[in-house]
Number of protein chains: 2
Amino acid sequence: MADMTLTSLQKEFLLHFGEMGSRWGINRTVGQIYALLFLSEAPLNAETITEALGISRSNTSMGLKELQSWNLVLLRHQQGDRRDYFTTPDDLWEIVRTLVAERRKREIDPTLTKLRELEMMGKTGDPYAEARIAELREMIEMMTQFHDEMNRLETERLVQLMTMGRTLGGLLDKAPRLNPFRKAK
Amino acid sequence: MADMTLTSLQKEFLLHFGEMGSRWGINRTVGQIYALLFLSEAPLNAETITEALGISRSNTSMGLKELQSWNLVLLRHQQGDRRDYFTTPDDLWEIVRTLVAERRKREIDPTLTKLRELEMMGKTGDPYAEARIAELREMIEMMTQFHDEMNRLETERLVQLMTMGRTLGGLLDKAPRLNPFRKAK
DNA sequence: CGGCCATTTCAGAAATTTCTGAAAATCATG
DNA sequence: CATGATTTTCAGAAATTTCTGAAATGGCCG
């Protein structure tokens, strides 16, 4: 295995990601595996990760599986070595796009589906709840459509948009108004 | 207590929020309490919530405390009744703003602080990790600044921006370019 | 002050999630 | 198709989180 003495920088970063893991909807181990890969220039194999983090080999396997299900790691192979090596994308913007897409898939889309389903139920004798649900569905649709738009922009454009600062408000004056939308109460 | 027979619409919505709770970083009970308040036109007191959800009074108390720490519920009082009554804001945009702000506070800000702290460590003998950490910090700063900007817009403007659709890309051509930023590799 | 109603706290019980070691599956290669 | 290296699965153990009932706290009113 590559020498797996971690620098104090790596150690601290990795412990932080571990602690934050629970807040981000992944567990400590998964957070730490990700952090380790993120800071490693070269791809790492499961055995190296296991040693570096002092966890069981099976736990590493499950953690990597979880990261793969999030599309957060890339699988690489080395010439003449059958083991799997993992990395994270170099491009941070790609990472963020993936993260947002996956979170949307897990945290938003199922709710959108459920809301549409509830609206299909028809009259329920609770007009207030029906209205609230419809309103919520509309808002989520608007936000996911906006996300789709942002996602369509190339990275350079996205950065341009994000660094616009105060101009954002003024810019809207120049935009044609489409889809006039009722003002929120 | 107000009659707490739930309609089937309420029941389904509430169960869904309960299930999603874990994905959203709150627990089932907290999700259900929020869902119930969200669909109720009138504010509810703890006893009513307890009965409606079939949980213990103390669990309700803890759940409400959690929701208050997220600023997701409003406390109301009724004339001649000493009990606390809770609701959610009518304005969904306000709810989303709060949600995003709180998530940022819990999920992003501590990491930003930690990254800055790690950068203070100075030379660590791991230039790649140092560079990666700096790059991550820069990106998070850019995104949080963008969030601050969006947050500064009034709701009407925000809706206008979000409903712009395809025009978004074209609009950028009209914007003055500030802060040219290196293209991602 | 004392009684009463409402809410919070908290220690332990219950439920859920995470982790491990051992066994099973996979799969390239001789 | 047998071998050995690698990865995955999975049942139970360990750790963590959530929930409860009982006791403590808080505060209003007479």
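Structure notes:
- Rolling a 1.4 Å probe over the protein heavy atoms leaves B:Val73 with an accessible area of roughly 20 Å².
- Alpha-carbon centroid distance for the pair region A:107-128 / region A:1-55, whole angstrom: 41 Å
- Once the partner protein chains are put back, region A:20-59 shows a loss of at least 20 square angstrom of accessible area, versus the chain by itself, at A:Met20, A:Arg23, A:Trp24, A:Phe38, A:Leu39, A:Glu41 (probe 1.4 Å, ligands and nucleic acids excluded).
- Once the C-beta distance of B:Ser58 and B:Arg23 is scaled by a Förster radius of 25 Å, the resulting FRET efficiency is 0.50 to the nearest 0.05.
- Karplus-based coupling profile of region A:67-74, in residue order and whole Hz: 5, 5, 5, 8, 6, 9, 10, 10, with θ = phi - 60° in 6.51 cos²θ - 1.76 cosθ + 1.60 and x standing for Gly or Pro.
- These residues, B:Glu94, A:Glu41, A:Glu119, go from largest to smallest accessible area, 1.4 Å probe, as A:Glu41, B:Glu94, A:Glu119.
- Max mean-square fluctuation residue, GNM over chain B, Cα-Cα springs under 10 Å, options B:Tyr85, B:Tyr34, B:Tyr128: B:Tyr128
- Reported value for the protein assembly as shown: 180 Å³ per residue, from the convex hull of its C-alpha atoms.
- Buried area at the B-A interface (accessible, heavy atoms, 1.4 Å probe, summed, Å²): 7600 Å²
- Taking A:Asp173, A:Asp109, A:Asp84 as the candidate residues, the one with maximal mean-square fluctuation in a Gaussian network model of chain A, Cα springs under 10 Å, is A:Asp173.
- Excluding ligands, DNA and RNA, the accessible surface per residue across the protein assembly as shown is 53 Å² with a 1.4 Å probe.
- For A:Phe86, the residues whose amide H sits under 5 Å from its own are A:Leu44, A:Asn45, A:Arg76, ignoring neighbours fewer than 5 places away on the same chain, with H placed 1.01 Å from N.
- Percent accessible area from carbon and sulfur atoms, chain A, protein chains only, probe 1.4 Å: 52 percent
- In terms of overall dimensions, region A:77-146 has a Cα radius of gyration and Dmax of 20.3, 68 angstrom.
- Label-point spacing at A:Gly169 relative to the other copies reads 3.0 nm, in ascending order, each point sitting 7 Å out from Cα along Cα→Cβ.
- Ascending distances from the A:Gln68 label point to its copies in the other chains, with the point 7 Å along the Cα-to-beta-carbon line: 4.7 nm.
The values are calculated or read from the model by the stated rules, or taken from the named source; none is laboratory data. Just so you know, these numbers come straight off a predicted model, no measurement behind them. Ideal geometry is used to build each Cβ from the backbone, glycine not excepted, and the neighbour counts take in all protein chains shown. Accessible surface is based on the protein model in full, side chains and every heavy atom, while ligands, DNA and RNA are left aside. Shrake-Rupley method; radii C 1.70, N 1.55, O 1.52, S 1.80 Å.
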